Each structure stands twice: as structure tokens, then as C-alpha cells.
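Single-structure report; data block below.
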Amino acid sequence: MKIAIIGAGISGLVAGRELYKAGHDINIFEKSRGYGGRMATRYAENDKSLKLDHGVPYFSADSDEFSVLLKELSEVNILEKCRGNLKKRGCNEVLKKNKFRSKTYFAPDGMNSIGKFLARDLKSQLNQRVISLTHAQNSKWRKRKWILECESGLTKTADAIVISTPAPQAVELLKTIEKDTDIISLIQDLEEVTYDPKFTLMLTYSHNELPDWVTMEVEDKVIKFISNESKKRDLRKKAIVVHSSSEFASKYTGKDRDAIADIIQEQLSAILGKWTESPDWKQLHFWRYSQTRDSLPYDFMETDGNGTPLALVGSYMKGNSVESAYLSGLNLGRHWAIQLSEKE
């Protein structure tokens with residue numbers, strides 16, 4: 001069966017991988033130029049040796065299912081366990097040293113290497129934003145197929161669709177479909193999902209004053225935590241990524257980017273010292289859908305109206321983490337591997 005997956009985040013890639021192993025023809029459609037969603041890596045100063053994780057800096061595992069993937073990724077040197085100091089800075093400015101959980105991992109070659117690994121056997125259409133979904137009658141096979149229309153003008157067909165975008169983007173796509181009871185119900189559920197935004201400010205430095213901790217959690221109105229990227233991989237320069245609080249990001253969404261970067265940098269100086277005030281390079285990124293606030297109590301959602309299966313997966317299913325995204329994609333992939341094979 002020909003299955004289109006819209007969105008190359010972890011949930012979509014994992015669902016695609018499971019369905020590919022079951023013998024289905026998988027095609028990924030991703031609006032950006034890379035894989036992994038929030039498992040994102042940016043090259044600083046146009047230098048591919050300067051890699052900064054400006055989305056998720058590290059993540060942990062609780063379930064046995066997720067641990068299986070992390071073991072697989074560790075065996076091919078994509079993941080390593082986090083070591084070193086994790087510090088917390090309270091309102092009283094006292095630093096407390098902590099240890100990472102035993103199953104906490106990062107990617108030495110960049111978090112985007114995880115998405116690349118998961119997508120390695122799948123056909124992909126990068127830089128292709130899907131803007132509408134419609135049904136078409138296929139008289140030869142006596143069943144209806146999906147037609148996907150992209151912003152670029154590209155049009156493709158599929159027997160089944162998996163939407164693995166953030167919930168608001170999934171709603172936009174579902175609203176382009178001819179309405180029936182199932183689609184309306186999916187939209188109503190998805191509209192209950194809310195997100196907290198976040199800014200990340202990436203900075204590089206030539207000097208050697210960077211601290212020895214890996215991550216610092218901060219009780220602050222502007223900054224939530226700081227990732228010391230130089231402790232994650234061997235860089236020719238020192239680099240940090242500053243993650244804003246959701247309250248700050250909500251307040252400044254849509255404001256001037258340079259002004260936002262200046263505010264974050266000023267607060268960073270107050271926390272770490274004046275050495276942070278003169279970076280060689282800096283760049284601000286905005287994550288509109290950084291963290292799910294109100295998740296849904298399902299592993300995934302699906303409909304099979306008129307023989308045209310459609311499903312939704314994502315981190316907003318039973319959580320807001322990399323693990324919840326993985327489990328959502330895995331559970332759908334296993335479910336459809338059985339269900340769709342029975343339809344063929």
C-alpha cells in the first residue's frame with residue numbers, strides 16, 4: 001500500500017519505518033529541509049564543524065520500547081549517555097550540582113542525526129509543504145485515494161495518510177478535507193491541544209571562559225535553561241544555546257527579533273558574567289510549538305472513512321516528549337502493519 005507521511009518528526013519517521021518493514025511504500029513530505037522536527041541541529045557561522053542543537057538538547061527514556069531504539073542508536077554511535085555536571089541556579093543564585101538520569105542521552109554528531117538515521121530507507125520529499133488533502137475516485141481499483149497538493153504545485157496520491165505535524169497544523173490540513181463525522185471529531189479533539197512557545201538563542205565564542213557544566217537549569221523569568229554545546233562535542237569554538245521560558249516567549253511572540261535577542265543576552269550576562277556579552281556569532285530561533293501543554297489521552301487517532309485510512313501521531317499523544325512522539329508513531333505503525341495488510 002502507498003502511504004504518505006506528512007511531517008518528518010520522530011513520530012512520523014518511526015511510523016514510516018514500521019510500515020516500511022511491513023512492506024508498504026512510504027513517502028515522507030516535510031516542509032523544511034531536514035528530518036527530526038525539534039530534534040534539530042544548526043550550523044553556526046556557515047561552518048559545518050560548528051554544530052549546535054537548538055531544539056531538544058538531550059532526552060530520557062522510561063519505557064522498554066523506547067529503550068530498544070536508544071540501544072540501537074547507541075550501537076551505531078549516534079547516541080551517548082549524558083555525563084558531566086547538570087547545575088541548577090535558584091532565585092538565590094546558589095548553584096546546585098546534579099547528575100543526569102541514568103537513561104539520558106545526547107547525539108554527539110547533532111540531534112538531527114537521529115532523524116537522518118530513521119529516514120534512511122524511506123523516500124522523502126523535503127521542502128514540500130502539503131497544503132490540502134482531497135479524495136479522488138479511482139475507478140480502476142474501485143476505491144478512493146488521497147490526493148496531496150503541495151505549496152510548490154507538486155501533487156501526489158496515496159492510499160493512506162499519516163499526519164505527524166503539531167496539532168494546529170494538523171487541524172489546518174484536516175479542514176481542507178471534505179467534512180464527515182470522523183474528520184469533524186478529529187478536528188474537535190485536536191483543537192483541545194495547546195502549546196508553549198520558546199526562543200532559543202545560539203552563541204559562539206573564541207575565548208575559553210566557558211564553564212565546565214553541561215546544562216544549567218535556571219529559575220528566571222527570561223531564561224529556562226542553558227546548554228553548553230562545547231561539552232557535547234569537540235568544537236573549534238565555544239558554544240552555548242540559551243532556551244527561554246515559555247512566559248517570555250509568549251509575551252514577545254511577533255516582536256522584533258534583534259530586540260528579543262538583546263534581552264535574552266542581557267539576562268545571560270547577569271547569570272553567567274560579562275564574558276557572554278561579546279559573541280563571535282549569534283542567532284535566534286523561535287519554536288511556536290515547543291512543548292505540549294494539554295496532550296490527548298490516545299496513542300494515536302485514526303479514521304477509515306470510505307476506505308481511505310488517515311491517522312494522526314505526535315508527541316501530543318499522551319505527553320510532550322521525544323519518548324511520547326516515538327511511542328505514538330510506533331503504536332500506529334504496528335497497528336497499521338496488521339490492519340492495512342488485511343485490506344490488501
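The values are calculated or read from the model by the stated rules, or taken from the named source; none is laboratory data. Everything numeric here is computed off the predicted structure, so don't read it as measured data. Ideal geometry is used to build each Cβ from the backbone, glycine not excepted, and the neighbour counts take in all protein chains shown. Accessible surface areas use protein heavy atoms only, side chains included; no ligands, DNA or RNA. Shrake-Rupley method; radii C 1.70, N 1.55, O 1.52, S 1.80 Å.
Tabulated values for the structure
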read-out: Odd one out for LYS71, checked against (1) over 21 Å from GLU323 (Cβ atoms); (2) open to solvent by 60 Å² or more (accessible area, probe 1.4 Å); value: (1)
read-out: Residue list for segment 225-259, filter: of a type in the set (Gly, Ala, Ser) and open to solvent by less than 10 Å² (accessible area, probe 1.4 Å); value: SER227, ALA239, SER244, SER245, ALA249
read-out: Some residue of segment 249-256 being under 17 Å from LEU86 (Cα atoms), outside any loop (DSSP other than H, G, I, E, B) and either more than 25 Å from the chain's Cα centre (by Cα) or not polar (S, T, N, Q) (or both); value: no
read-out: Those strands (runs of 3 or more DSSP E) lying entirely in segment 264-344 with at least 3 residues open to solvent by 40 Å² or more (accessible area, probe 1.4 Å); value: 281-292
read-out: Qualifying positions in segment 229-241 - under 30 Å from THR165 (Cα atoms), out of contact with any Ser or Thr (no Cβ under 7 Å at 6 or more places or on another chain) and not in a loop (DSSP other than H, G, I, E, B); value: GLU229
read-out: Residues of segment 214-224 that turn out to be surrounded by fewer than 18 Cβ atoms within 10 Å (Cβ to Cβ) and either in a strand (DSSP E or B) or at pLDDT below 90 (or both), as a count; value: 2
read-out: Pairs, first farther than 22 Å from ASP47 by Cβ in segment 222-235, second open to solvent by 40 Å² or more (accessible area, probe 1.4 Å), C-beta under 6 Å, six or more apart; value: VAL222/GLN267; ILE223/GLN267; PHE225/GLU217
read-out: Any hit, segment 23-31, residues being in a loop (DSSP other than H, G, I, E, B) and either of a type in the set (S, T, N, Q) or in contact with a helix residue (DSSP H, G or I) (Cβ under 6 Å, 6 or more places away or on another chain) (or both); value: no
read-out: Filter pass, GLU93 being open to solvent by 20 Å² or more (accessible area, probe 1.4 Å), at pLDDT below 95 and touching a Pro at 6+ places or on another chain (Cβ under 8 Å); value: no
